[in-house]
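The values are calculated or read from the model by the stated rules, or taken from the named source; none is laboratory data. Everything numeric in this text was worked out from a predicted model, so none of it was measured. Heads up, the Cβs are rebuilt from the backbone with ideal geometry, glycines too, and the neighbour counts pull from every protein chain shown. Note: accessible area is taken over every heavy atom of the protein model, side chains too, but ligands, DNA and RNA are not part of it. Shrake-Rupley method; radii C 1.70, N 1.55, O 1.52, S 1.80 Å.
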Amino acid sequence: MNASLGPLVFSFIYLGLFTATYLSIGRIAKYLLKRFYNISFISFDEYGWVDEDAYNDASDEENLFMVWSLVRALYGHLSSNEKRDVALLVHAEGTPISSYPVEWVFEDLSEEPGEDSSVEAYISESGDLVVCLSLDYFRKLLIIVSRGEGELGIVEGMDEARALFDTSLAMARALYRDLQRDMALYVAYKAIVKLAKKGLKVPERILEDLIPIDRHKKAMIMEQLKEET
């Protein structure tokens, strides 16, 4: 009995040492990134609570490019400054997973996104517009562009439309910090209306119900949009 347990015990000891070493290396790497770049990327192996499919979607460069393209197109209707770069960051409960473009320098990231934040946007020290999306919001935007088939994207539900509107609103607030609430809502909504005229397919009923404002103000906004677009 003792002889048969020897190799088994040794195997468990070896496995324990290997696991401890692997996790230690991961923690050290995470500490260095946090210490010198103020950022730490999430590892699916280390954080098993993250949905694997969602993690894989956010780690795929083609998916990142498609969502970034939608965000970049949205930016084109929010600002006329074509020289400003737009960067996308995807996170899980505040811990970054991936980014696009891949050459984006993370020294510009002054802090990690909020743990409970679905979407945030800010202007970095170098003047880039950084859009931080939660896994949930990233996947909703990915679904929109994945249906495109040559078009910019197709919105089929209010949840998807809301994710797009919230992204537009966060970008508008980052670009124009002094905007009052109603004006920020108008600018964000107007960008989506313009995007819909350029190839984004959004059902009219969803578009009409999208902006969270009372009927009187909504009527004024719709009238103003007819005059401007």
Please list, ordered by first then second residue, the pairs with beta carbon atoms under 7 Å, 6 or more apart or interchain, first in region 101-129 and within 19 Å of residue 169 (Cα to Cα) and part of a loop (DSSP other than H, G, I, E, B), second at pLDDT below 80 and of a type in the set (Asp, Glu). 124/108; 128/108
I'd like to verify a number: residues in region 69-100 that are at pLDDT below 90, open to solvent by 20 Å² or more (accessible area, probe 1.4 Å) and within 17 Å of the chain's Cα centre (by Cα), how many? 2
Which one of 179, 142 is assigned to a helix (DSSP H, G or I) and touching a helix residue (DSSP H, G or I) at 6+ places or on another chain (Cβ under 8 Å)? 142
Got a number for residues in region 155-172 being open to solvent by less than 50 Å² (accessible area, probe 1.4 Å) and assigned to a helix (DSSP H, G or I)? 12
The correct count of residues that are surrounded by fewer than 16 Cβ atoms within 10 Å (Cβ to Cβ) and at negative phi in region 134-149 is 3
Give me a count of the residues in region 190-211 that are outside any loop (DSSP other than H, G, I, E, B) and either in contact with a Leu (Cβ under 7 Å, 6 or more places away or on another chain) or at positive phi (or both). 7
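So is residue 209 open to solvent by 50 Å² or more (accessible area, probe 1.4 Å) and farther than 30 Å from residue 127 by Cβ or not?
yes
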Only one of these conditions is not met by residue 149: (1) acidic (Asp, Glu); (2) within 17 Å of residue 64 (Cα to Cα); (3) within 18 Å of the chain's Cα centre (by Cα). Which number is it? (3)
If the requirement is being at pLDDT 95 or above, surrounded by fewer than 20 Cβ atoms within 10 Å (Cβ to Cβ), under 30 Å from residue 204 (Cα atoms) and not polar (S, T, N, Q), which of these qualifies: 152, 175, 179? 175
The correct count of residues that are farther than 13 Å from residue 130 by Cα and not in a loop (DSSP other than H, G, I, E, B) in region 75-95 is 3
